[in-house]
1. When residues of segment B:325-349 are filtered for being under 13 Å from the mean Cα position of the chain (by Cα) and more than 10 Å from chain A (Cβ to nearest Cβ), how many remain?
2. When you go through A:D63, A:D78 one by one, which is the residue that is modelled with pLDDT of 95 or more and among the acidic types (D, E)?
3. Just for segment B:79-126: of the residues that are more than 17 Å from B:H52 (Cα to Cα) and of a type in the set (G, A, S), which one is surrounded by the fewest Cβ atoms within 10 Å (Cβ to Cβ)?
4. Can you pull out every residue in segment B:231-270 that is over 12 Å from B:H301 (Cα atoms), within 14 Å of chain A (Cβ to nearest Cβ) and out of contact with any helix residue (DSSP H, G or I) (no Cβ under 9 Å at 6 or more places or on another chain)?
5. Within segment B:891-901, can you find the residues that are more than 10 Å from every other protein chain (Cβ to nearest Cβ) and either within 19 Å of the chain's Cα centre (by Cα) or assigned to a loop (DSSP other than H, G, I, E, B) (or both)?
6. If A:Y221 meets every condition in (1) modelled with pLDDT under 95; (2) facing chain B (nearest Cβ under 9 Å); (3) within 32 Å of the chain's Cα centre (by Cα) apart from one, which number is that one?
7. Here are some residues: A:T279, A:T271. Which one is within 22 Å of A:H322 (Cα to Cα), more than 7 Å from chain B (Cβ to nearest Cβ) and β-branched (V, I, T)?
8. For segment B:473-526: of the residues being closer than 23 Å to B:D456 by Cβ and acidic (D, E), which is nearest to the other protein chains (Cβ to nearest Cβ)?
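The values are calculated or read from the model by the stated rules, or taken from the named source; none is laboratory data. Everything quoted here is computed from the prediction, not taken from an experiment. With ideal geometry, Cβ positions are generated from the backbone for all residues, glycine too; neighbour counts draw on all protein chains shown.
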Amino acid sequence: MNRRHFLASSALALGRVALGSIVGAGKATAGTVSSQLPHFRPRAKRVIYLFQSGGPSHLETFDWKPRLREWNGQPLPDSVRRGQRLTGMSGNQSQLPLAGSFTDFHPHGRSGLMISDLLPHTAALADQLCVVRTMHTEAINHDPAITFFCTGHQQPGRASMGSWLSYGLGSLNEDLPAFIVLVSKDAPRDQPLYSRLWGSGFLSSEHGGVQFRAGAEPVLYLADPPGVSSQARRAMLDTLRQLDGEQQERTQDPAIAAQIAQAEMAFRMQTSIPEATATAGEPDEVFELYGEAARTPGTYAANCLLARRLVERGVRFVQLFHQGWDQHGSLPGGISHQCKTTDQASAALVTDLARRGLLEDTLVVWGGEFGRTAYCQGRMSGGDYGRDHHPRCFSIWMAGGGVKGGHAHGQTDELGYNVESDGVHVHDLHATMLHLLGIDHERLTHLFQGRYFRLTDVAGEVVHDLIA
Amino acid sequence: MARSARRSRDEWRRLFAIAALGVGDPDRGALAPPDFQREVLPLLADRCFRCHGPDEGARKRGLRLDTAEGARALLKSGRRAIVPGDLAASEMVRRITSEDDRRVMPPADFARPLAEGERDLLLRWIEGGADYATHWAFVAPHRAPLPAVLDAGWCRDPLDRYVLARLEADALAPAPEADRSTWLRRASLALTGLPPTLEELAAFRASTAADAFERETDRLLASSAYAERMAADWLDVARFADTFGYQSDWDCNTWPWRDWLIGAFQRDLPFDEFIVEQIAGDLLPGATRDQRLATAFNRLHRQTNEGGSIDEEFRQEHLADRVSTYATAFLGLTVECARCHDHKYDPIGQADFYRLGAFFGAIDEAGTYAYSTGAIPRPVLRLPNVEQEAELARRDAVVAEATALYEQAVVAARSSSRERIAALPALLVAPPVRHEPLDGGAPGPSGSATALAGDDGPTFGDLPPFRRCDPLSVRLAVLCPDVKARATILHTSSFTIESDQQGYQLLLEEGHLAWQVLHLWPGSAAAIRTLEPFPLARFVDVVATYDGSSRGGGLRLYFDGEPVATEIVRDHLDGAATVRTLQIGHRDRDVGLAGGVVDEWMLFDRALTEIEVAELHAPGAFAASREALQAAEISPARDELAVALDANVASAFALLRAARAAQQELLESLREVMVMEASDHPRPTFVLTRGAYDQPDRSRPLAPDAAIPALLAFDPTWTHDRLGLARWTISPQNPLPARVAVNRLFALCFGRGLVDTQENFGTQGARPSHPELLDTLAVDFVESGWRVKAMLKRLVLSATFRQSSVATATQLDRDPLNRQLGRGPSIRLSAEMMRDQALLAAGLLVERLGGPSVKPWQPPGLWEEAGATGAYQPDVGADAHRRGLYTFRKRTAPPPNLVLFDAGSREQCLARRQPTQTPLQQLVVWNDPVYFEAARALAQRVASEGVELDGQLVRAFERLASRAPTVAELESLRSLHESQRRALLADPAAAALLLPPEPGSAVDPAVAALVLCCSTLLASDAVMRVR
């Protein structure tokens, strides 16, 4: 490279830096690192993450443990516990009686995946599901565990999954944010959610998740003030362009062009977001598929439907949060209700994506921040019991986006307490998700405070066994 | 310099390109060896130190490249990584140039391979002698000689010489001076966070005084707004918030510290004292209330009360946060890496991290905060107002007087104890106020007793109320089957986490019996424990007494009628010991007395004496021992009984108890704020293996006797506590704090620091753009007594600051980021400034200093959506329009209009906000009701000032942008106004929505259209930035 070329290319690079902050949710820009990405051919372009917050019990959903029923009421053997720590909620109990699942499991599909009777719709998709039964995590309480799952670290300050994707891959559309978050309003608010779970951490804030909310204003501050018509807004925006154009002429500052682009994007969002969220116009058969609850904006079912509409419009990462899985007590009633609220719509989403040809490059993930103990928290009475938090093994499922169908990965012990073989750490799951998206998790990094950070911290192995 | 000036333009461009990008040039033979600190060290740190750096644990093949000795040492392989000047003999050369994937360094799978130019640079460095130099920031700063410049007349302050010298060396000229309005906007926003008013602008423009700029600067620095602006900046560093964070995220009531902060800036507290007071104000001789309050800085980290949380895990989080915040705030270092292993890039060992933790951990704290009692985490400072302080002094005096009278009565009663015992026919122990036989299925001393499984057991409500001035005694027969590491025998609290223990309780701890009266464990409790283990496998008649003194010495334990030897474990009960439900042998989420048996619980409303306890245990004991008691020359037990039976003592005690009750009632109603306070019970500190709280390396105990030795040794005269650490920090030999501080002040004025990475002055941080200037300013700062206002005054009066920010094409091309300071700053307003500016221009801003945080309007439902907390109740009236720094900061649901403008969630220390541009920001300025309300008020304000439309538009523009619009800008606004006025004339309903009219009057479409013009202005560059 001679000097002239060098200067020309560095001038270009500088131009890109300046432009980089322009189009927040627009095309991939130098504000992201997407110039080197993807690292290899992606299997998935986008992700829908159905986050089941609170810690769904694996023992009543995807990890069938007949031995637990057999030994119902017997104390947890020390050989299984192995001195591992328990939470302060059940750790002081004088006894830790094993609790068998109240619900039955049956094999489903050609694959014969064992799935609980609480999830009939999900079970019907068995051959499309890739169930990981050996997820494990480090945290034992909700806040650290959900923060760990969503950002790769227990302590706040790191970037969330979706923001890493926005940073790494940029957006697939011009009118909507790259990363959108939907929180169910029909879930028990047993454990709080925090904006840090979808925050951008040390990444530029343009990569943070934008929460869409049910109701008249899906995004904060989206609606014009009373009395400001869209014609008035357009006229105001035109004037703003003139004012800023003047200013740019005076100052020669490229940041002003970026500002104008942001304003135009904001204006487009005022139209594109109401359009994307207007699910009412969907045909009746769609509501039959997702369930009647999908007609009520903000429900889990409506959010599943909305997630499909958003990925259709090029949103990179949609993350749903559904609370209410924290069954310390009265688990049979609680989890039955949770499954009833979410089962049909979760399955409908996979079905709907598949029939629209979107499933093959959309990765759907279902799961919570940890599992639940094989033993009962508190007293067992009659058929009632509760389960405490359990980080040592739990189940999630994935579908589409290049993962195997009808596949169960990993083996837990006969009590569903420890991983027996093929454990998948949260970092491993993240590494695998990124891999499916064409990203080498060790190479998607961001220099902050003198250190290269990545979603998988200093660990994570791609689990090739999950990939079709 | 003359030679420099002769260099051709192309030559300069080439050198610039290399310097800026660190990339070598093909004809490298012509170049001198690279600068170690600027070019080589960052490269080594980034590519090599992960395996060959300071971290001993991660070091591969015994090779370290961070020291000259290490790099030149003979390795096991018989080779040397670096032989200075000898490329052929240096193994490193072979490795970095190897084509073999198995031999190449960095390893083939390393994410950031060496680029060709980088490899070249290392070769040139080795060829040139491989000189090592200490990282610039770890060497104490020295004032650099004032450089010679061609255009000395341009310079107004010595600092300008350093800037100009570099510009001239690069053949760049400084920008012309900005006009007065621009300077005043810039200086006002930099120093006060508010733009100038129309009056201030006019006066300054018209001023003919020779010292007009100085006067303006002095005015700004003297204002309260200055202190608020400086505080707002430091709040990010201090990770100040109004809630604890984590799951429940309740209010943490730390705003009094924020007011201390404002006060510190207002009175221009020298920055070294500012540092000392925040680290260790409480340890200063004769510490004032303010100095103790300053230490709340160390308690502003997040805390949890999530059920099930493990206390020690979160106590370690507190320590780590304090250490990291301290290091970033005052040293500009990122030490968090050293929590798990030695720092990979900077000379900070893992032991250094935990040793720093030993300084900050020497307080009597819990790892979690209370869920059910409302107790504020200890230690606390109470903050009476003036009236309360006077009243407290009065009540203290009453207690002192009552204490003296009581003691006199006790002495008198003792003196006649022998006679009184002689006159006592029999001892009648007053009956208990509560007695539960605890009859159950098990045999016990009284016949039938209750066996315990550990998870449940007897529970009694409607307990007699208890204040800590009330004496009491508890009696219970207890059989404990085996040694218990911990077991609850009897307690009065509910329990979600450890911090919920309150009232009084009997516990088994490591086999010993503990008796506690407590507000909050461990920071507010009176507690004793038996020296001998609790007897096993037989019933013990346990009596526990408390004399109402709030002291550990006021507690006693008796087994089977005999006093037992105890030690005082805590002697610091200073809060209400409220009782709730009494439970025996169990407590929710705590360990119960599994396998134990209990019988006959009794509660007495006085402290039983030794002789009474013996009598209770074995009726007739008194009669049997009376003669001996009478005969004894000295008998504390006899004296004690006599005192207890004395009517004068009883009435004196009643007065004392009432006086204490009044005193404590007032004390416990006072505002409490968490602060630092040295503990008599410091916990031992160890290195935690891989940072895990439950893996202390007990072979590596640490004492707070050094800070970071690689930076500066600890002087033997410094104490081994936070005050010693503070002295170490501000020592003139410490290379970092003054640099970090002046860099921060520089960034306040110029938008970025001389060191771009304000949070990191380590080897991975940015190099200073003007190293000599940074060091000179740092030395000046220290020598001038760390005076913040004086330093800021220099900065804003400098020629550098006065430059126009308009970039020439050459500058855009050669220095797009203005690293060379060849033009004035151009800065996007902070979240708070943007809102404050809009409110000020509209005449809505309420400038009231300090006080509790306020809750201006925010979109409804956000707190509810975050879950587990109450609803957000927006303030109305004045508090809706206070400055942004007072906005209530809830960590898990921070105010969206601030966060969208990069204000952060305050979950951890943030040394620098990184401004971004997103469409959501536009939506805030367009549609947030606060901004639209400001647009409306501004429109009405200018419409009422008796000028024509153009005048109105000019006034609105100038109030927001501190300058008059250009002809074209005015034309654009006028045309918007005209089109919207016409539209609104045709649509009065819309006009009425824009500008709700007074009842009975009509909306003026011209004013309504003006609202739209003002709203448009708010989103414009001229308003959102300072240029």
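1. First, pick out the residues of segment B:325-349 that are under 13 Å from the mean Cα position of the chain (by Cα): B:325-330.
Within this subset, residues satisfying the condition of being more than 10 Å from chain A (Cβ to nearest Cβ) are B:325-327, B:329-330.
Going through segment B:325-349 one residue at a time, the tally reaches 5.
2. Details: A:D78 fails: modelled with pLDDT of 95 or more.
Matching residue, one of A:D63, A:D78: A:D63.
3. For segment B:79-126, the residue satisfying everything is B:A88.
4. Within segment B:231-270, B:S248, B:W250 qualify.
5. So in segment B:891-901, the residues more than 10 Å from every other protein chain (Cβ to nearest Cβ) come out as B:895, B:898.
Scanning segment B:891-901 gives a single hit, B:P895.
6. The one condition A:Y221 does not meet is (1).
7. Values: A:T271 fails: within 22 Å of A:H322 (Cα to Cα).
None of the others qualify; the one that does is A:T279.
8. Residue satisfying both the conditions and the ranking: B:E498.
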